[in-house]
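Here, each number is a calculation from the coordinates, and none is a lab measurement. This is a predicted model, so every value here is computed, not measured. Here the Cβ positions follow ideal geometry from the backbone for every residue, glycine too, while neighbour counts run over all protein chains shown.
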Amino acid sequence: MPSFYFDESIHDRGGFIVGAFVYGQDADSAVSAAIRRVGLQPGVDEFKSCARMSEHRPQVALRAELRQILRDYRIGVVVVPSSDRTSLCEHAFRGLDQIARANNIVGVPGLEAVFDRGLFRSTKEGAELAARFGLDRYCCIRVEQDSRIMKGLQLADLVAHTAAMILLETLGIVTKLVKAGPCSGYDEDLDLNLGFEMWASLRYQFFYAGPVREQDEIYQGALMEIGENGLYIASSRSDELRSAALGRFRENYLGCIH
């Protein structure tokens, strides 16, 4: 069954919330298997991006496993000012509708959208809002879901946190270097910007409309337009936030970076 999974990452210091949609087939089996591989128990344990990785080594291993699973999914990002936190549910629905329509997913048989806990005051509110936006005409909306049970939400958690860290770096709020590490294509001890490392882990997964028109020959056609296919920006955003979001997520390079 094709599903959208949505979770958010809130960053008051940056003045924004990043939500993430992960789209693909039901992720339960794949995520459950990953949880078992790192020695944890599905339905009890789960990936949480807010966990201090240095203190939870299985979480580090699980993060790597989920990044592998994400290769079979597509992602879209929702950017909302943190001052709009109380209306985040509405922005999430607007983002869903925009992304689903831009990618011709509307009308896909069995389509559902699963939202993590804490976004809506109740399941009733979610149903009423879905009807108001017309989402229930083409999608089964499931709000206030437990990410230990609806395990695809753990993928959305990872993407939301990763995209938020990329945006924090773009805004100049986070400046951190990390080692390239094994299997990166670079020398393992090479220092990389955290934002670059995180972008590299997601760049192939974004929804995109097609190649950017009239791009420089240096890109050889590998620079892709994400646009409305994979990026929703709330109209209430500041100019600074809009500029940062567009600068980081409007286009995406899929060519060699080594």
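Taking 7 Å steps out from each Cα toward its Cβ at K176 and R213 produces label points 4.0 nm apart. Exposure proxy ranking for Y5, Y208, Y23, based on other Cβ atoms within 10 angstrom of each Cβ and starting from the fewest, stands as Y208, Y23, Y5.
The alpha carbons of the stretch 26-83 occupy a box of 38, 28, 19 Å along the principal axes, longest dimension given first.
The residues neighbouring E169, those whose beta-carbon lies less than 13 Å from its own, together hold a net charge of +2 under the Lys/Arg +1, Asp/Glu -1 convention. Evaluating 6.51 cos²θ - 1.76 cosθ + 1.60 at θ = phi - 60° for every residue in the stretch 220-226, the Karplus couplings come out as 6, x, 8, 8, 9, 8, 7 Hz, glycine and proline recorded as x. The number of Lys pairs in the chain with C-alpha atoms less than 28 Å apart, excluding pairs fewer than 8 positions apart on the same chain, is 5.
Percent of alpha carbon pairs in the stretch 123-166 separated by more than 18 Å? Here the tail beyond 18 Å accounts for 47 percent of pairs.
Per-residue Karplus couplings for the stretch 110-120, computed as 6.51 cos²θ - 1.76 cosθ + 1.60 with θ equal to phi - 60°, are listed in order as x, 4, 9, 10, 10, 10, 5, 5, x, 7, 10 Hz, Gly and Pro entered as x. Near L231, the amide H atoms lying under 5 Å from its own belong to V77; only residues 5 or more places off or on other chains count, and H is placed 1.01 Å from N.
Report the local net charge at I10: Lys and Arg +1, Asp and Glu -1, summed over other residues whose C-beta lies under 13 Å from its C-beta. Surrounding charge for I10 is -4. For the stretch 103-181, a/c is not less than 1.5, where a ≥ b ≥ c are the root eigenvalues of the C-alpha gyration tensor, and a/b tops b/c. That puts it in the prolate class.
Within the shell defined by Cβ-Cβ distances under 9 Å, the residues around G24 carry a net charge of -1, with Lys and Arg each +1 and Asp and Glu each -1. Put simply, the amide H of F16, placed in the peptide plane, has neighbours under 5 Å in H11, S82, leaving out anything fewer than 5 places away on its chain.
When the Cα atoms of the chain are aligned to their principal axes, the ranges along those axes come out at 52, 48, 36 Å in descending order. Counting other Cβ atoms within 10 Å as a rough exposure proxy, the listed residues M150, M1 run M1, M150 from fewest neighbours to most. Approximating the spin labels as points 7 Å out from Cα along Cα→Cβ, the L246-to-K48 distance works out to 3.8 nm. Listed peptides 198-205, 134-141, 229-236 appear in the order 229-236, 198-205, 134-141 once ranked by packing, highest mean of other Cβ atoms within 10 Å at the front. Extending 7 Å from Cα along the Cβ direction at S238 and again at A131 yields two label points whose distance is 3.9 nm.
Amide H contacts for I141 (H built 1.01 Å from N in the peptide plane; partners 5 or more residues away or on another chain; cut-off under 5 Å): A113. Using the Karplus relation 6.51 cos²θ - 1.76 cosθ + 1.60 with θ = phi - 60°, the per-residue 3J(HN,Hα) values for the stretch 10-26 come to 9, 9, 5, 5, x, x, 8, 10, 10, x, 10, 9, 10, 10, x, 6, 2 Hz, with x marking Gly and Pro.
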